[in-house]
Amino acid sequence: MSKKESKGYSIWLIIGVIVLIVLLLVWLTVADIFGDTDVAAFVSPLANILPGAGAL
């Protein structure tokens, strides 16, 4: 291995991280537009279904 290969990050890793950040921002923007940002709304219906989950 040359020093250039063992130093720094792979270009594909950097591209992947950038794509994931962009997808996260798009996801959060769409959720904000539709007003679907209440995370607790997904937990409370499960509290009524699951046994022993009333403590949530």
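When the residues of region 27-44 are filtered to those that are open to solvent by less than 80 Å² (accessible area, probe 1.4 Å) and either modelled with pLDDT of 60 or more or among the small types (Gly, Ala, Ser) (or both), which remaining residue is farthest from the chain's Cα centre (by Cα)?
Checking each candidate, the answer is Ser44.
Scan region 4-25 and give yes if some residue there is open to solvent by less than 90 Å² (accessible area, probe 1.4 Å), modelled with pLDDT under 60 and not charged (D, E, K, R), otherwise no.
Yes, region 4-25 has at least one match.
The values are calculated or read from the model by the stated rules, or taken from the named source; none is laboratory data. No experiment lies behind these values; they were computed from the predicted model shown. SASA here: full protein model, heavy atoms, side chains in, ligands and nucleic acids out. Shrake-Rupley method; radii C 1.70, N 1.55, O 1.52, S 1.80 Å.
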